[in-house]
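Here is the structure we will look at.
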Amino acid sequence: MSVNALLRCTIRLHRKHVATYLVHQRTLSGAEAVNALRPFYLAVHPDFFGQYPRERDVNENSLKRLNGYLENLQKPGSHSVQPMKLTFYVRDTKDSSDEQPDPLTSGFRSVSFTLHTNDVLSTVMNVLTSCSLPVDHMKALKASTEISKSPPEAQLPFYRKIKWDKSYYTFTGFRDHEQELQQARRVEPTLRWQRNWGVAHRCCQLQSLVRLSQQNPEALIHLQGHTIVFADQSGMNASGHVMLGTMDVHHQWTKLLEQLPSYRSLHHQTDWLKERISLLLGGTQVVHMERLGPVQPITEHYSTLRTFHQSLMSQRLHLHPRSLQDLTMLLENDRSKPSLHEMGHFIIPTNCDPPKLQAFLQNYAPEARQRIQRKKQLQAEEEAVVKLCLQSLSLRSLTKEPSVSSSQMILCCKRLVEQHSPLMQGLLICVSHFYSVMQDGDLYLPWDWKS
């Protein structure tokens, strides 16, 4: 049996189990409870109480107990739970002006209440009303609950009208059924190559993976849903892709596949840290671009994020939660001061002083947005000129290396169109920084090629 056939069989079985799980879980309304409690999470989230450790600890402990209460209500056969008294420090999130204040400048209040409800919907209503938070959005939830209580033959297929941010599922521990369903629908893993190896080399690696599937089919079960990258070393990179070293033997691949559950857990923790960092930095997203540097292992990426998060938590920042949500940043351990890349993303040292970081982000945010807009314009122009080049020169393919910028690619393509050499018809051209002819016939040209 080939590797693809084996993976398809495994994934079909997994899809069947997930579909069965979703049918039984539909009436529990766990995800709907998380969605309905969105105003509550924004008002009591511990990350907003970084300068108030006592209040932060109280909220964190109470949230854990509340989540446990909700989970008990969702367990099959559970009809009642013990009353539970909870205390929260609730931020004042109301503001009539268009420009909202910093996280804690409006103060917070202490709220205590006792849960004695026996269903999820009543519990959510109790929490919201006890904290004097809006409940208008509960109408849609009530309608959904009525559908879930109808006879099985009258129920609608699983459907979530609103797609909420995955941070709520990460924080509360509830399972994101929509994400599980999407993962189950994947037919097979995606295959990629770290380098532009030739066809013969790629076939060799694929044959090696097929032999592994025949010798140890159980090991490949862990690959479901992952992107496989044939690389220089085995492991998991910062993007969560599984790297199979081309120089490694089957024993090393098998050992890696057995460790994938642990790597997967570490990747989830990196996502959690990115979400927390984004909350603290006005919505700025931490990204990692493999094409801009050497491959970074997931362990190193996690360590970088953890160090940076701890640094942010040590001092109070005054950034509006959504003021920088359209911006991105890269973290680098060997950089001494922050900078703004020409493509619009920030490059931030891991050990950057939080107050200085805040000032830098606020000062350069307008320029970053202008550069991002310029990048989008360049990308659109690049796409158009590449299409023109393919058609006018009758090229078989026209690609570029990641290190070639959009502006360099545009200039190169315009010159190729002006040259209009009939000798280029049917060629496979890759724009790079050097001249070369690969074993498979690919022609590498520097972007500033000479006539």
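The values are calculated or read from the model by the stated rules, or taken from the named source; none is laboratory data. These figures come from a predicted structure and were not determined experimentally. Surface areas here come from the heavy atoms of the whole protein model, side chains and all, with no ligands, DNA or RNA. Shrake-Rupley method; radii C 1.70, N 1.55, O 1.52, S 1.80 Å.
Derived scalar couplings between HN and Hα for region 431-438 equal 7, 9, 10, 8, 8, 5, 10, 7 Hz in order, rounded to whole Hz, by the Karplus curve 6.51 cos²θ - 1.76 cosθ + 1.60 (θ = phi - 60°), x for Gly and Pro.
Please report the carbon-and-sulfur percent of the accessible area for region 379-446; probe 1.4 Å, protein heavy atoms only, DNA, RNA and ligands left out.
Details: 2150 of 3880 Å².
Percent of accessible area from carbon and sulfur atoms in region 379-446: 55.
Considering only Cα atoms, the convex hull volume of region 191-262 works out to 82 Å³ per residue.
Distant-in-sequence amide contacts of residue 332, defined by a placed amide H-H separation under 5 Å and a gap of 5 or more residues or a different chain, comprise 348, 350.
Skip the ligands, DNA and RNA, and give the accessible area per residue of region 256-340 with a 1.4 Å probe, whole Å². Each step should come with its number before you reach the end.
Working: 4120 Å² over 85 residues.
Computed with neighbouring chains in place, this is 48 Å² per residue.
Provide the convex hull volume over Cα atoms per residue for region 334-377, in Å³. Write down the numbers at each step before the final one.
Details: hull volume 2.5 nm³, N = 44.
Once divided by residue count, the hull of region 334-377 is 58 Å³.
Size descriptors for region 379-446 (Cα atoms only): Rg and Dmax, in that order, 11.1, 32 Å. These residues, 360, 108, go from largest to smallest accessible area, 1.4 Å probe, as 108, 360. When a 1.4 Å probe is rolled over the protein heavy atoms, the share of accessible surface on region 267-370 that falls to carbon and sulfur comes to 49 percent.
Between the amide H of residue 243 and those of 229, 235, 236, 237, distances stay under 5 Å, these residues lying 5 or more places away or on another chain, with hydrogens modeled in the peptide plane.
Greater than 32 Å separation of Cα atoms is the criterion. Which listed pairs, 64/274; 64/255; 337/450, meet it? It would help to have the intermediate numbers written out before the result.
Numbers: 64/274 21 Å; 64/255 36 Å; 337/450 38 Å.
Check vs 32 Å cut-off fails for 64/255; 337/450.
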